[in-house]
Amino acid sequence: MSEFLSLEGRTALVTGAARGIGKAIAKTLAARGANIVVVDLRMDLAEEAAQEITATGRKAIALEADVSNQESVKAMIKTALAKFGKIDILVNNAGITRDGLIMRMKEADWDLVLDINLKGAFNCAQALARPMMKNRYGRIINITSVSGITGQAGQTNYSSSKAGLIGFTKALAKELGSRNITVNAVAPGFIETVLTEELPDEVRDISLKLTPMARFGKPEDIANAVAFLAAEESSFITGVTLQVDGGMVM
Ligand code: NAP
């Protein structure tokens with residue numbers, strides 16, 4: 001019998017995996033036995049992440065792609081499939097913020113956030129849907145946010161993109177379930193990464209006060225939830241949004 005939550009023999013593609021939560025997800029899935037495709041725009045950091053994984057005995061490659069660009073995603077997926085033969089697990093993690101009150105938000109900042117956070121997940125899932133359907137196996141995990149559940153002032157673009165991802169997760173779960181492909185979302189609360197380190201102290205203090213577990217999350221907290229949803233043992237869980245937020249939103 002294989003180890004509980006083993007990912008031995010699986011290949012996972014993680015977007016935005018050069019740093020932060022994505023990197024922690026890539027390393028955690030590798031530690032459970034998966035080979036990894038590290039996808040990012042930042043190739044220096046992506047190569048470093050792939051090397052760290054290779055050093056642990058798993059196969060890993062770093063591929064450059066802008067997830068908001070369909071042609072870039074198609075070319076990257078083609079290379080990944082040529083290298084590994086199959087992708088079993090897709091983690092749509094790449095995401096950005098361009099915060100601002102709606103009165104001052106530039107159209108370009110609305111478009112960019114929606115294009116990367118929401119259309120990026122569509123581009124990657126669409127490119128992998130057919131090969132996963134042929135294999136009769138797949139795990140698609142979308143990294144959303146508690147901001148997509150509660151809404152956040154100053155984040156109409158980001159909250160919309162993350163709420164959109166939750167709807168996308170449910171619709172795709174219904175489309176692909178009969179082919180043994182699950183589609184789930186993970187909604188992080190406040191996690192300490194580059195994305196959050198620039199926030200003003202008062203925002204950090206409020207977030208901490210709202211978190212019953214009385215600490216900020218670590219990228220590994222999210223990675224562990226993703227590893228659970230990626231495993232064979234989670235095969236009857238689909239269309240859900242798993243909050244990993246220390247109890248911030250309930
Ligand atoms: P991060 O440290 O900024 O990492 C995001 C990674 O995605 C970066 O390496 C970035 O590359 C890459 N990326 C950005 N745009 C891309 C594109 N178009 N194509 C490919 N890669 C791209 O962010 P994080 O905090 O780890 O967040 C990861 C995910 O968790 C995001 O979806 C975020 O919305 C979500 N999340 C985070 C928190 C939190 O508290 N940190 C909370 C809720 C949800 P560059 O360096 O080139 O930009």
Task: Simple label model, 7 Å out from Cα along Cβ direction - Glu8 to Gln51, nm - done: 3.0
- [ ] Select from Pro212, Pro131, Pro200 the residue whose mean-square fluctuation is largest in a Gaussian network model of the chain (Cα-Cα springs shorter than 10 Å).
- [x] Pro200
Task: Accessible surface of the range 11-243 [probe 1.4 Å, protein heavy atoms]: carbon and sulfur percent - done: 53
TODO: Would you mind working out the magnitude of the charge dipole of the chain relative to its Cα centre, with +1 at each Lys and Arg C-beta and -1 at each Asp and Glu C-beta, to the nearest 20 Debye?
DONE: 980
Task: Accessible area of Tyr158 in the full protein assembly, 1.4 Å probe (Å², nearest 10) - done: 20
- [ ] May I ask for the distance between the Cα centers of the range 196-250 and the range 1-72, given as a whole number of Å?
- [x] 20
- [ ] Working from Cα positions, state the angle (0 to 90°, nearest 10) between the long axis of helix 156-176 and the longest principal axis of the chain.
- [x] 30
Open item on the list: Residue by residue through the range 56-67, what is 3J(HN,Hα) from phi via Karplus (6.51 cos²θ - 1.76 cosθ + 1.60, θ = phi - 60°)? Round to whole Hz and write x for glycine and proline.
Closed with: 8, x, 9, 7, 8, 10, 9, 10, 8, 7, 9, 4
Task: ³J(HN,Hα), Karplus 6.51/-1.76/1.60, whole Hz, each residue of the range 235-250, x for Gly, Pro - done: 5, 10, 10, 8, x, 9, 10, 8, 7, 10, 9, x, x, 4, 10, 7
Task: Using alpha-carbon coordinates, inclination of helix 70-84 to the longest axis of the chain, degrees - done: 40
TODO: Sort Met76, Met213, Met43 from largest to smallest accessible area, using a 1.4 Å probe on the heavy atoms of the protein chains.
DONE: Met213, Met43, Met76
Open item on the list: Please list, ordered by chain and number, the residues whose modelled amide H lies under 5 Å from the amide H of Val186; skip anything fewer than 5 residues away on the same chain.
Closed with: Asn142, Ile143, Thr144, Leu242
Open item on the list: What do you get for GluC sites (Glu not before Pro) in the range 1-56 restricted to DSSP loop and a cutoff of at most 13 other Cβ within 10 Å of the site's Cβ?
Closed with: Glu3, Glu8
- [ ] Compute the length gained on full extension between Leu41 and Asp111: take 0.36 nm times their separation in residues and subtract their Cα-Cα distance, giving the result in nm to one decimal.
- [x] 23.4 nm
TODO: For the range 91-102, just list the computed ³J(HN,Hα) in residue order, Karplus coefficients 6.51, -1.76 and 1.60, θ = phi - 60°, integers in Hz, with x standing in for Gly and Pro.
DONE: 10, 7, 10, 4, x, 9, 10, 9, 6, x, 5, 4
Task: Nonlocal amide H pairs with Ile191, under 5 Å, H built at 1.01 Å - done: Gly217
Task: Accessible area expressed per residue, the chain, with surrounding protein chains retained (probe 1.4 Å, Å²) - done: 49
Open item on the list: Helix 20-31 against the longest principal axis of the chain: what's the angle in degrees, Cα atoms only, rounded to the nearest 10?
Closed with: 30
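The values are calculated or read from the model by the stated rules, or taken from the named source; none is laboratory data. Not measured: the values here are computed from a predicted model. Cβ atoms come from the backbone with ideal geometry, glycine included; neighbour counts cover every protein chain shown. We work out accessible area using only protein heavy atoms, side chains counted, and drop any ligands, DNA or RNA first. Shrake-Rupley method; radii C 1.70, N 1.55, O 1.52, S 1.80 Å.
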